[in-house]
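Since the structure comes first, as structure tokens, the remarks are kept for the end.
The values are calculated or read from the model by the stated rules, or taken from the named source; none is laboratory data. Nothing here was measured: the structure is a model prediction, and the numbers come from that model. Every residue, glycine as well, gets a Cβ built from its backbone with ideal geometry; the counts of neighbours run over all protein chains shown. Ligands, DNA and RNA are excluded from the accessible area calculation, which covers all protein heavy atoms including side chains. Shrake-Rupley method; radii C 1.70, N 1.55, O 1.52, S 1.80 Å.
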Amino acid sequence: MSEHLLSLMTFFPLLGMIVILFIPRENDGVLKGLTFVITLITFFISLPLAFDDVFKTSGGMHYTEFVKWISIGDYFQMNYNLGVDGISLWLVLLTTFIMPIAVLSTWQAVEKNTKGFMALLLLLETAMLGAFLALDLFLFYVFWELMLIPMYFLIGIWGGKRRIYSAIKFFIYTAVGSLLMLVAIIFVYYYALKSGQPFEQGFSISHFYQLNIPAAYQTWLFLAFAFSFAIKVPMFPVHTWLPDAHTDAPTAGSVILAAIMLKMGTYGYVRFAMPLFPEALHQFTPFLATLAVIGIIYGALVAMVQEDVKRLVAYSSVSHLGFVMLGVFALNIQGMSGGMIQMINHGISTGALFLIVGFIYERRHTRLITDFGGLAKQMPVFTTIFMIAMLSSIGLPGTNGFVGEFLIMVGAFEGELRWFTIVAASGVIFAAVYMLWMFQRVMFGELKNPANQKLKDLSVREVVLMLPLLLFIFWIGVYPNTFFEKMNPALDQLINQIKGKQQVAVVETINPVQHKID
Amino acid sequence: MENLVQLAMQNVNFAAIMPSLVLCCFGMAILLINVFMPRGKTTSASLISIIALLVTAVVSLQGWNNPQFGFAGHVALDNFATFFNMTFLLAAGLTILMSDDYLRREGYPIGEYYPLILFSTAGAMWMASGTDLMTIFLGLEVLSISLYILAGLFRHQLQSNEAGLKYFLLGAFSTGFLLYGIALLYGVAGTTNVADIGLYLSAHPAMIGNPMTVAGMLLMSIGFLFKIAAAPFHMWTPDVYQGAPTPVTAFMSAGPKAAAFAALMRVFILGLAGLQSEWTSLLWGLAILTMIIGNVTAIYQTNLKRMLAYSSIAHAGYALVGLVAANAVGVSGILFYMLAYTFMNLGAFAVLVLAGKKGEENLTLEGFSGFGFKRPFLGVAMTIFMLSLMGIPPTAGFAGKFYIFAGAIKSGYIWLAIIGVLNSAVSLYYYLRVIVYMYFKDPQEDYSWVSMHTGAVVSIVIAIVGVLYLGIIPGKIMEMAKLAIF
């Protein structure tokens, strides 16, 4: 059982999708219920990972599966190779955890073509899990591209006013980046073969990690990977698809996009771009950190002037993911574990905020801040939950956001990114400004608008789906060690590996003569 | 005199041309049967044609790993020819499946239609098995003349007339170039046998830079590139594709294109290997030009047939990248790509056959508004074909592009690969637009959809299975493509 756990988890939603396709389209409730059950079962399948202590002691890959997939003589070997380590562990669990919540959020939001919606959600889950678990670059690419298709339809069919524009923009932006990455992947593959990697290993990243790619190649390869992932993150200035996609996506789509799919970009840096091309990473770190900081400040400033709550949350993502990138580029254990935990935090907090925006949108069919005001009197439960999610997004001590941002700052400050940290810190203040200001305008003041005076508070279903998120907001805020202890061995290993290679490279450039004599 | 005849008879090996022979016999039989059938009863003709194709497939597979040579080295039924034969037969089969109801709907239930498809398939097979420039030329003519008639089949329609005439005039012109090129190469090498030309050129390196050799190569490439619809010889494609009956367009986009690639590959790789640096730089430029012209112009099309015509130009450009790479991965990639393209493009055309009403008035993007919800099966099928044409995994189109670009990267043509993938990115826009209209736009009112027809549905199902099979487990077919190259 456990040797096929990852495959079971990855493809269970796909199986569910096939079942869904055979259910008549009229049975709205059955379709939603069944999808919820499928995603819930997937979550339970993934649970043993959360309780496995092997991640505490070993930073390597566990639960690995290896099957030869496409063999073409002496041309290519692609393998079906899955595995999980401390880096992907929590992202995988985040995915299986968020999906049932996302499905629950569709109860009242999705009315037309429920069958298609549910089928696409399940396909999306398989693609996302596959991308997090793939240890073969080709396999990763297949899942990575597969993710685009369901999300494209989710935005385009069930989205808001400018859904068609946003869907096309989303698809083309992400696909352009990944196509360049494909060229780089093929190049690395041939380079690996040339430098004597066993043919059977195919596109296995563990072997690609061992390569010593010349610096001149690394520059270009890193750029191709980094560009692709930067679009997904999204980093300034390739972030412009994100506000559009987020604003027009249906609630479940926005939640998944923010909570999981954006992490695909940051995960891509940690898993592929950085360890594969350490020297180029060293060369580009100041540049990328600059972009990250610009993203932090710019995202926050633009969020401040948004009139649409959903757009505000979307721009706040640009800012938050700038923090994640800054932490990751610090390349020390504080910064990287801060970045990793902040990925999870952003998934939980921003996911919660998108759900909250969805709740009021379902009630009022507007998201403009000016249409609201004084909701606190009418909806006390909603207000409480909203406040917790907002404070966690700002990074109030005691909530998850604080832990992540604090570690990122410490890591970046101790690393080579001191000045960047000082600028980035002002982003925290801006975040407090735009969030609190928005919260004040929406929730407090007089309940002037007559349409708002009849608003109902959250239903039991809505409270239930928010509770797990609130639980983790405090859990990570109070006792983050649960997460760090399983993450850190893998991060240690990764950092040592990257730094080791960087140092070798530095020695080689300082002592070229000595190197030749050897 | 008697000795000569004996010698010739010894060299005749009918096994080498057996597949096309079978096809031609069946074709003529159908022509005869038609005489005795009442006008309008064409179902039997289409059924016999399908049987003919199946029999031919079995016969042709005898040549796999068991090469047959015949007619004094003019014809070879080797793995290369067999692989291409399968592609042609598939293209013809899918075309015939989608034709029967279509022809009746349009009011042209003509029995001669099927033999013409079979004859042109036989021509395509000669082009793939031709090891002599004259055989290749003959194949090209047999292929083309049948297609000229098929393109202008709807003689009461102005568009179809225009298509037939345009294709004929320009086709004849390009054949002239081809023949002239063959003549020049004969002048240089004293033989029209492809392998002998190769031997001659390697024995006489001085002749490689000779203007006559280069001119011969250039003129011959014009003939082939015209059939492939590579820029700058692509001008005929959109008008002919749009004007011809949809199933004929479907066949034209896959069969003749693959045949021309087969001939081009055999002639360039075997015969003109000495001029490789010349033709790679030529094809390098043309591949880029073809991809850009095809993709950029396709963006502006509102008629789906026309859009697919430009997209087929772009796909010819991708396939040329494999020939530029000129290594095993790239070249076998072309074989794989042609098969993949046959599945995905004919599938898309089969959907168009069902979607267009009489007179094909439905084939605009607007006409496809809400199609995906009105016709769920056709919508999903079209989506799969569009995703495959874009090159999104896990579809045949992705696998094909992967091998071709991998070939280019392996040979060091990184920029060509990058330009290729950027072109793929451009193509996303217009393929996605079809999906946008099918799913994201509301259907027009007072809109009637044509009913489904078994034949076309079967061809769509075959195409879907093919696209997914080649996309998810391409190993087996790729292995065969690998064995098929010289």
Inspect all residues belonging to segment B:151-162 and state whether any of them is acidic (Asp, Glu) and without any contact (Cβ under 8 Å) to a residue 60 or more places away in the chain.
-> no
Failed item, numbered, when residue A:89 is tested on (1) open to solvent by 10 Å² or more (accessible area, probe 1.4 Å); (2) more than 13 Å from chain B (Cβ to nearest Cβ); (3) in contact with a helix residue (DSSP H, G or I) (Cβ under 8 Å, 6 or more places away or on another chain) = (1)
Here are some conditions: (1) more than 24 Å from residue A:87 (Cα to Cα); (2) at pLDDT 90 or above. Residue A:359 meets all but one. Which one does it not meet?
-> (2)
Which condition number does residue A:72 fail, the rest of (1) over 22 Å from the mean Cα position of the chain (by Cα); (2) surrounded by 22 or more Cβ atoms within 10 Å (Cβ to Cβ); (3) hydrophobic (A, V, I, L, M, F, W, C) being met?
-> (2)
Taking helices (runs of 4 or more DSSP H) that do not extend beyond segment B:379-486, which have at least 2 residues that are facing another protein chain (nearest Cβ under 9 Å) and open to solvent by 50 Å² or more (accessible area, probe 1.4 Å)?
-> B:414-435, B:475-484
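Rundown of residues vs (1) in contact with a helix residue (DSSP H, G or I) (Cβ under 6 Å, 6 or more places away or on another chain); (2) closer than 25 Å to residue B:298 by Cβ; (3) open to solvent by 70 Å² or more (accessible area, probe 1.4 Å), yes/no style:
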| site | (1), (2), (3) |
| --- | --- |
| B:151 | yes, yes, no |
| B:174 | yes, yes, no |
| B:182 | yes, no, no |
| B:186 | no, no, yes |
| B:192 | yes, no, no |
| B:204 | no, no, yes |
| B:213 | yes, no, no |
| B:216 | yes, no, no |
| B:225 | no, yes, no |
Looking at (1) surrounded by fewer than 23 Cβ atoms within 10 Å (Cβ to Cβ); (2) at the interface with another protein chain (Cβ under 10 Å from one of its Cβ atoms); (3) in contact (Cβ under 8 Å) with a residue 60 or more places away in the chain, which is the one condition that is false for residue A:167?
-> (1)
Select from segment A:146-164 the residues that are open to solvent by 10 Å² or more (accessible area, probe 1.4 Å) and aromatic (Phe, Trp, Tyr) and write down the one among them that is nearest to the other protein chains (Cβ to nearest Cβ).
-> A:153
Hey, which of the helices (runs of 4 or more DSSP H) in segment A:45-119, taking only ones fully inside, have at least 3 residues that are β-branched (Val, Ile, Thr)?
-> A:86-104
Applying the selection to segment B:8-42, what residues are over 22 Å from residue B:84 (Cβ atoms) and open to solvent by less than 60 Å² (accessible area, probe 1.4 Å)?
-> B:8, B:12, B:29, B:30, B:34, B:40, B:42
Take residue A:209 and decide whether it is surrounded by fewer than 24 Cβ atoms within 10 Å (Cβ to Cβ), more than 9 Å from every other protein chain (Cβ to nearest Cβ), over 18 Å from residue A:75 (Cβ atoms) and of a type outside the set (S, T, N, Q).
-> yes
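Residues are listed down the side, and each one gets a yes or a no for (1) under 19 Å from residue A:444 (Cα atoms); (2) of a type outside the set (Val, Ile, Thr):
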site	(1), (2)
A:354	no, yes
A:360	yes, no
A:370	yes, no
A:385	yes, no
A:399	no, no
A:409	no, yes
Given (1) touching a strand residue (DSSP E or B) at 6+ places or on another chain (Cβ under 9 Å); (2) more than 10 Å from every other protein chain (Cβ to nearest Cβ); (3) surrounded by fewer than 24 Cβ atoms within 10 Å (Cβ to Cβ), where does residue A:143 come up short, assuming only one miss?
-> (2)
Among residues of segment B:358-397, those that are of a type in the set (S, T, N, Q) and either under 30 Å from residue B:334 (Cβ atoms) or in contact with a Gly (Cβ under 9 Å, 6 or more places away or on another chain) (or both), counted | 4
In this structure, does residue A:365 turn out to be at positive phi and either without any contact (Cβ under 8 Å) to a residue 12 or more places away in the chain or touching a helix residue (DSSP H, G or I) at 6+ places or on another chain (Cβ under 6 Å) (or both)?
-> yes
Of the residues in segment A:398-445 that are of a type in the set (D, E, K, R) and in contact (Cβ under 8 Å) with a residue 60 or more places away in the chain, the one that is surrounded by the most Cβ atoms within 10 Å (Cβ to Cβ) is A:405
Answer yes or no: is there a residue in segment A:128-140 that is within 12 Å of another protein chain (Cβ to nearest Cβ) and surrounded by fewer than 20 Cβ atoms within 10 Å (Cβ to Cβ).
-> no
